[in-house]
Amino acid sequence: MAEAQPGSDRHEVVSVPEATSLLGWLADNLAPEELRYPARLPEEVFYPIAYRAMYLSRRVEERLFELYQKGYVKGTVAMGIGNEATAVGMALPFRPRRDVVSLLHRDLAAHLLLGSSPYRLFCQYMANADSPTHGREGNVHHGDAAGRRLPMISHLGKMLSPVVGGTWAARQGGEKVCGLAVIGDGGTSTGEFHEALNLASVLHVPVLFLVQNNGYSFSTPTCYQYNCERLSDRAGGYGILGRTIDGTDVWQVYRNVWDILDRILKDPSPFLLECVTLRLHGHAVYDKAEYVSAAEKEENWRRDPLPATRARLKQICGLGEAEVTALERAVDQEVDHATRKALAVRRTPARGLWTAWAPSHPPRVEPFRARGVKNGRAINLALDRILASHPRAFLVGLDVGRYGSAFKTCKGLFGRFGRERVLDMPLCESGVTGFALGAAQVGARPIVEYQFADFSTEATTQLGLNVGTWFFRSGQPVPLVVRLPCGGGLTMGAFHSGEYEGLWSRFPGLKLLYPATAQECYEAVLAAFYDPNPCLVFEHKLLYWSRAGDIDFDGDLSSVWRARRYTDGGEVTVVACGAMVFAALDAAAHCQRALDVWNPFVLQPLELGPIIQSVEKTGRLLVVQESGETQGLGDRIISLVARHGRPCLKVPPKLIAAPDIPIPFAPQLERDYRPGTERILAGVEELFAE
């Protein structure tokens, strides 16, 4: 055996016979695991593997360009030609289906090394019946979430924090893994680039953040993106190490990545590696790159890593032209075969299930009963039960640790379960949400608390466009609970008093629960946890500690997902959520009319069957919401009832809502802003006056 490389866990490297039989020996004897960390390859083994991967990637992309021109491929075909050295060098050490990786649209070579194939890529770009994403996702937005190769999202910065969360959670589960989070020079300008690096640094997560700096973000040159000399200089701001290397030298990339993995796995921390690479075409096939000067284009082609790697292959391994040509000919035949096979597949993908939600089969769990419990305590009891019963469940948020969360719903959990299960996080709602998404993909069960529902808007893209669409795009569920303390009545003013159930109901793939009583709060948190979809639980802050009730939960989680009825009245159907439930009940107690008071409870998917039956009985519908008239779900509830129960309506439905302005701060102004008993009573009488 050859001499051991420093830092190798195996204390050896792969040895090979004489160069004359090298290619045949590699094909017959080198097992896949011997390519990966910690089996560091010597140059004479590395170059044939690396060159073949680079050449294969180049030929596949050239074929994709031809297929695009002929109309077989649609959408954005972003070419990675010129980036092959970086893509191959960075990917080769990582272990498929074990390490957590997120790749960019110019990393086709890395996809090939980490589990994909030319045939699957052709099918993806053609969106045919054998497309890995079933034609549901754009051609460059592929991956293998089940294999920890996370699918791409065009909001590039949002791809980083899921790698941090997935890597952290896998390591918490006892796996010795690391992460690869790839970003372009333009993507480093995004806020979540900072959030992800900061999270990884604070939590000591071994993630390699690799920046592919090709000089342009679409057409914007790097001089308009940043003002530091090197992007790796930013590492110091996070208390981590950084380095800039030549991304056109595949051996230099591979060697640096291997050294970094050895460092960060033994002393867990992130690392920032900038690879100065090339983009030899425009941003995509439709971009002629007219913003790049002729001289710069000529210089870039002179630095093309493919011919340079070919020359090094011959030099290092002592191969002749005939042997290298034979390798290339075999690759050409593989690409031709994959092309013909993909073209023969039926063009239209199977429609399949037209839903953004993963199938849910709620289990039965142990019953629970308690007397005189306030809502905040009910939530605390549910969280305690989950953390005690599920070792891979964990809670993250702002001040959820020793402080017990802003409204004390997490009180005592830190002392019982510790820092590894109850984590105070940096102030980065989007990064924390992406972190939880990644964790959910490796078997962990995250529960996220936003300090206020208002702060959830910081994570709109991550939660609404990434988490919510994940199952539809990847086929992998996202079991994630998001808790949102919401609503007014505590004189906190704008930015701390919104509900936002109307906003979040507009994103497909999210489930929404809005409990009002202690029992509903307990049930909502448990039901959300046991559901395979991302579930948002709205918790009205005014109700946390102001009301108490009994909990009598029979353990049947399937029965939780239903509308809740509080009074049996035959004259008016009143629908309300959150604190408005108790305003409606107070109105019912003082009203001369018989009110049928309902809480939909499940706001998405919104099932109004029982409420429509109530309207068929009463003929009158009054919806009460704390949100502004155009901000809540009241209009949608009225629309659905009118569409399905119109013949039974005696008068037009009525909506009582707050004004379409931010909630005011002064106590008297807030009382005037929020609907109350008097407005509800007046609304009831107006229905009869009509």
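The values are calculated or read from the model by the stated rules, or taken from the named source; none is laboratory data. Note that the structure is predicted; figures quoted are calculated from it, not measured. Cβ sites come from the backbone with ideal geometry, for glycine too, and all protein chains shown count toward neighbours.
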**Request:** Identify the single condition in (1) surrounded by 19 or more Cβ atoms within 10 Å (Cβ to Cβ); (2) over 26 Å from His194 (Cβ atoms) that Ile264 does not satisfy, given that it satisfies every other one.
**Result:** (2)
**Prompt:** So which residues in segment 665-690 are of a type outside the set (D, E, K, R) and closer than 18 Å to His540 by Cβ?
**Reply:** Pro667, Tyr673, Pro675, Gly676, Thr677, Ile680
**Asked** Does Asn380 satisfy the criteria of being in contact with a Pro (Cβ under 8 Å, 6 or more places away or on another chain), closer than 23 Å to Arg547 by Cα, surrounded by 20 or more Cβ atoms within 10 Å (Cβ to Cβ) and assigned by TED's automatic domain parsing to the domain that holds Val482?
**Response** no
**Prompt:** Which condition number does Arg136 fail, the rest of (1) within 25 Å of Ser217 (Cα to Cα); (2) touching a helix residue (DSSP H, G or I) at 6+ places or on another chain (Cβ under 7 Å) being met?
**Reply:** (1)
**Item:** Check on Ala39, touching a residue at least 40 places away in the same chain (Cβ under 8 Å) and assigned by TED's automatic domain parsing to the domain that holds Leu261
**Value:** no
**Prompt:** Across segment 590-635, what is the number of residues that are farther than 20 Å from Arg562 by Cβ and part of a loop (DSSP other than H, G, I, E, B)?
**Reply:** 10
**Asked** Regarding Ser430, is this residue within 21 Å of Val163 (Cβ to Cβ) and of a type in the set (Ser, Thr, Tyr)?
**Response** yes
**Request:** Could you please give the count of residues in segment 315-360 that are hydroxyl-bearing (Ser, Thr, Tyr) and within 30 Å of Ser558 (Cβ to Cβ)?
**Result:** 2
**Prompt:** Within segment 483-492, can one find any residue that is of a type in the set (A, V, I, L, M) and buried (at least 24 other Cβ atoms within 10 Å of the Cβ)?
**Reply:** yes
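This table checks each residue for (1) farther than 19 Å from Gly173 by Cα; (2) within 28 Å of the chain's Cα centre (by Cα).
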site: Arg364; (1), (2): yes, no
site: Pro367; (1), (2): yes, no
site: Asp384; (1), (2): yes, yes
site: Phe394; (1), (2): no, yes
site: Gly415; (1), (2): yes, no
**Prompt:** Considering Val641, Val624, Val651, which residue is touching a Leu at 6+ places or on another chain (Cβ under 6 Å) and surrounded by 19 or more Cβ atoms within 10 Å (Cβ to Cβ)?
**Reply:** Val641
**Asked** Out of (1) under 30 Å from Arg263 (Cβ atoms); (2) surrounded by fewer than 24 Cβ atoms within 10 Å (Cβ to Cβ), what's the single condition that is false for Thr76?
**Response** (1)
**Asked** When segment 452-478 is examined, which residues are found to be in contact with a Phe, Trp or Tyr (Cβ under 9 Å, 6 or more places away or on another chain), surrounded by fewer than 24 Cβ atoms within 10 Å (Cβ to Cβ) and more than 19 Å from Gly502 (Cα to Cα)?
**Response** Phe471, Phe472, Gln476, Pro477
**Message:** Where the second residue is part of a helix (DSSP H, G or I) and the first is on the phi > 0 side of the Ramachandran plot and lies in segment 86-108, which pairs have Cβ atoms under 8 Å and are six or more apart or on separate chains?
**Reply:** Arg97/Gly147
**Request:** Only residues that are over 19 Å from Val335 (Cα atoms), assigned to a loop (DSSP other than H, G, I, E, B) and hydrophobic (A, V, I, L, M, F, W, C): list them for segment 69-118, please.
**Result:** Leu92, Phe94, Leu103, Leu104
**Asked** What number of residues within segment 237-252 satisfy the criterion of being outside any loop (DSSP other than H, G, I, E, B) and over 11 Å from Phe46 (Cβ atoms)?
**Response** 9
**Message:** Just checking, does segment 273-287 include any residue being out of contact with any helix residue (DSSP H, G or I) (no Cβ under 9 Å at 6 or more places or on another chain), of a type in the set (Asp, Glu) and free of Cβ contacts under 8 Å to residues at least 40 places away in the same chain?
**Reply:** no
**Message:** Please pick out the residue among Thr133, Thr167 that is under 20 Å from Val478 (Cβ atoms), under 16 Å from the mean Cα position of the chain (by Cα), outside the structural domain of Ser474 (by TED's automatic domain parsing) and of a type in the set (Val, Ile, Thr).
**Reply:** Thr167
**Contacts under 9 angstrom Cβ, first residue in segment 113-133 being among the basic types (Lys, Arg), partner part of a loop (DSSP other than H, G, I, E, B) and buried (at least 24 other Cβ atoms within 10 Å of the Cβ), 6 or more apart** = Arg120/His142
**Residues of segment 183-197 satisfying the condition of being outside any helix (DSSP H, G or I), in contact with a Gly (Cβ under 8 Å, 6 or more places away or on another chain) and touching a residue at least 40 places away in the same chain (Cβ under 8 Å)** = Ile183, Asp185
**Request:** Can you give me the number of residues within segment 217-245 that are hydrophobic (A, V, I, L, M, F, W, C) and crowded, with 17+ Cβ neighbours inside 10 Å?
**Result:** 4
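Every residue, every condition in (1) closer than 29 Å to Glu458 by Cβ; (2) in contact with a Ser or Thr (Cβ under 7 Å, 6 or more places away or on another chain), yes or no:
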position	(1), (2)
Cys123	no, yes
Gly147	no, no
Gln172	yes, no
Asp185	yes, yes
**Request:** Go through segment 199-211 and give me each residue that's crowded, with 22+ Cβ neighbours inside 10 Å, in contact with a Pro (Cβ under 7 Å, 6 or more places away or on another chain) and not in a loop (DSSP other than H, G, I, E, B).
**Result:** Leu199, Ala200, Val207, Phe209
**Request:** For segment 336-359, state whether one or more residues are touching an Asp or Glu at 6+ places or on another chain (Cβ under 8 Å) and among the hydrophobic types (A, V, I, L, M, F, W, C).
**Result:** yes
**Those residues of segment 167-182 which are assigned to a strand (DSSP E or B) and within 20 Å of Glu429 (Cβ to Cβ), in sequence order** = Ala181
**Message:** Contact list please: Cβ distance under 6 Å, first residue in segment 467-479 and under 14 Å from Pro132 (Cβ atoms), second residue not in a loop (DSSP other than H, G, I, E, B), pairs at least six apart or on different chains.
**Reply:** Ser474/Ala145; Gln476/Ala145; Gln476/Ala146
**Prompt:** Given the structure, is Asn214 modelled with pLDDT under 90, buried (at least 17 other Cβ atoms within 10 Å of the Cβ) and not hydroxyl-bearing (Ser, Thr, Tyr)?
**Reply:** yes
**Prompt:** Can you pull out the residues in segment 302-325 that are assigned to a helix (DSSP H, G or I) and surrounded by 13 or more Cβ atoms within 10 Å (Cβ to Cβ)?
**Reply:** Pro305, Leu306, Ala308, Thr309, Arg310, Arg312, Leu313, Lys314, Ile316, Cys317, Glu323, Val324
